[in-house]
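Below: one structure, written as C-alpha cells.
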Amino acid sequence: MARLRSFQRLAAHFVDIADFLLVYIEEAHPSDGWVSSDAAYQIPKHQCLQDRLTAAQLMQEGAPGCPLAVDTMDNASSAAYGAFFERLYIIQEEVVMYQGGRGPEGYKISELRSWLNQYKNRLQSPSTVVIHV
C-alpha cells in the first residue's frame, strides 16, 4: 500500500503531462497460496472475475482518483507486459517509452519520476525551428 500511495502522489504531481492507469492483475500472495507475512489484506486466489473485481476495489481505495482496469482471468495484460508481481510502464502513442523492472525489487518510482521530469523539461524548453529558404 505504501508503493500505491507513492504512485498516487506521483500521478498527482504529473497530472498536467500524463494520464495514469492502474491495472490490477492476479494476486501475488493469495491468502490460500503463497502467503506474505506482511500482506495488508487477506485476499484468496481469484476463482472468477467477480473475485478479482472485489480485490481490485481495495487497490482503488489506496489510490482514489486514479483510473483502474482489471486484468482478465486468463491474465492477458500480465502476460503481455510481464507485470507479475508489479511493474511500471510509460506508453506514449502506443510505444513503450519506459519499462521498469519487475517488482518488488525492480519497482522504482524514482526512475519513473526521473523519466517524467525529463519529459516535462523537454515540453517546457523552447525548441528551435530552422526554416530553410
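The values are calculated or read from the model by the stated rules, or taken from the named source; none is laboratory data. On a predicted model such as this, the values are computed, not experimentally measured, just so you know. As a convention, Cβ positions derive from the backbone with ideal geometry for all residues, glycine included, and neighbour counts pool all protein chains shown. The area values use the complete protein model at the heavy-atom level, side chains included, leaving out ligands, DNA and RNA. Shrake-Rupley method; radii C 1.70, N 1.55, O 1.52, S 1.80 Å.
Between E111, E105, the distinction of being modelled with pLDDT of 90 or more, among the acidic types (D, E) and either open to solvent by 50 Å² or more (accessible area, probe 1.4 Å) or at positive phi (or both) belongs to E111 only.
For first residues located in segment 52-63 and under 20 Å from S6 (Cβ atoms) and of a type in the set (G, A, S), partners that are assigned to a helix (DSSP H, G or I) and open to solvent by 70 Å² or more (accessible area, probe 1.4 Å) and lie 6+ apart or on another chain with Cβ distances below 8 Å form the pairs G62/R5; A63/R5.
From the list L4, L58, the lone residue that is at pLDDT below 90 and either closer than 30 Å to Q118 by Cα or β-branched (V, I, T) (or both) is L4.
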